[in-house]
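Visitor: My structure is below; once you've seen it, I'll send some questions.
Values in this text are rule-based calculations from the coordinates and carry no lab data. As the structure is a computational prediction, the values presented were derived from the model and not from experiment. Note: ideal-geometry Cβ built from the backbone for every residue, glycine included; neighbour counts use all protein chains shown.
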Amino acid sequence: LETGRSIYIDSGTTTMCLVKLLPDDNFSILTSGPNISLEVIKKSNPSVTLIGGCLSRNNVSTSGVHSLNFIKNINIDIAFMATSGFSLKGGFTCGDFNECELKKAVIKKAGKIILLMDSTKADKNMPYTFASLKDIDILICDQKLPEPILKAAEKNGVLVL
């Protein structure tokens, strides 16, 4: 990560692991996760902007019309996104419509999309699709993914780590 960049960090337990590893450098962090923002401000140098909206009890994230309006007016260099499920047929999915719409808006605005996914999410579908493999640049997973997913990622130009 280059200092001075605008970085969106999605809400979720996987992205919380990322935040704990984030260097204490000059970044502009944007997030829909109140818990993510509280973790980032433990560091001295990054600035943090918590995107407003309706707070979900299910996933501790904000979303809705206010968050969508906010996203329209910002620039995002890199977006670290999380998912609740992924399948080749359904793509990257989540369980909340408003969260899905926010994720779509972030993906449209970001210069680079890095999706963080733990292996338990593979071949699992939730109701709302926010992206497909062609929409992301890098997929980071904790374990090797099934071969059909790896082949589809390669076909779509996605780097899998």
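Visitor: Dipole size in debye (nearest 20) for the chain around its Cα centre, Lys and Arg Cβ +1, Asp and Glu Cβ -1?
Guide: So the magnitude is around 260 debye.
Visitor: Of the listed pairs Lys89/Lys109; Lys103/Lys124; Lys108/Lys151; Lys42/Lys121; Lys109/Lys134, which have alpha-carbon separations greater than 22 Å here?
Guide: Details: Lys89/Lys109 24 Å; Lys103/Lys124 18 Å; Lys108/Lys151 25 Å; Lys42/Lys121 29 Å; Lys109/Lys134 15 Å.
Lys89/Lys109; Lys108/Lys151; Lys42/Lys121, as the Cα separations exceed 22 Å there.
Visitor: Using a Gaussian network model of the chain with C-alpha springs under 10 Å, which one of Glu101, Glu39, Glu147 is most mobile by mean-square fluctuation?
Guide: Sorting by GNM fluctuation, first place goes to Glu147.
Visitor: Where is the GNM fluctuation largest for the chain (alpha-carbon springs, 10 angstrom cutoff): Cys54, Cys17, Cys94?
Guide: Cys17
Visitor: Follow-up question, since we're still on this one. Just how large is the dipole of region 1-44 about the Cα centre, in debye to the nearest 20, putting +1 at every Lys and Arg Cβ and -1 at every Asp and Glu Cβ? Please list the in-between numbers first.
Guide: On the way: 4 positive and 5 negative charges, 18 e Å.
For region 1-44, the charge dipole is close to 80 debye.
Visitor: Could you give the dipole magnitude of region 24-110 about its Cα centre, charging the beta-carbon of Lys and Arg +1 and that of Asp and Glu -1, in debye to the nearest 20?
Guide: Numbers: 9 positive and 7 negative charges, 49 e Å.
Roughly 240 debye for region 24-110.
Visitor: Which percentage, to the nearest 5, of the DSSP beta bridges contained in region 28-161 is antiparallel? Please report the intermediate quantities before stating the final value.
Guide: Working: 9 of 25 bridges.
So the antiparallel bridges amount to about 35 percent of the total.
Visitor: What list of ³J(HN,Hα) values in whole Hz, one per residue of region 79-84 in order, does the Karplus curve 6.51 cos²θ - 1.76 cosθ + 1.60 (θ = phi - 60°) give from phi, with Gly and Pro shown as x?
Guide: Each residue's phi maps through the Karplus curve to give 10, 9, 10, 10, 9, 8 Hz.
Visitor: Find how many whole Å separate the alpha carbon centroid of region 72-129 from the alpha carbon centroid of region 25-53.
Guide: Between the Cα centres of region 25-53 and region 72-129 lies a distance of 19 Å.
Visitor: Name the residue, out of Phe86, Phe70, Phe130, whose mean-square fluctuation peaks in a Gaussian network model built on the chain with Cα pairs under 10 Å.
Guide: Phe70
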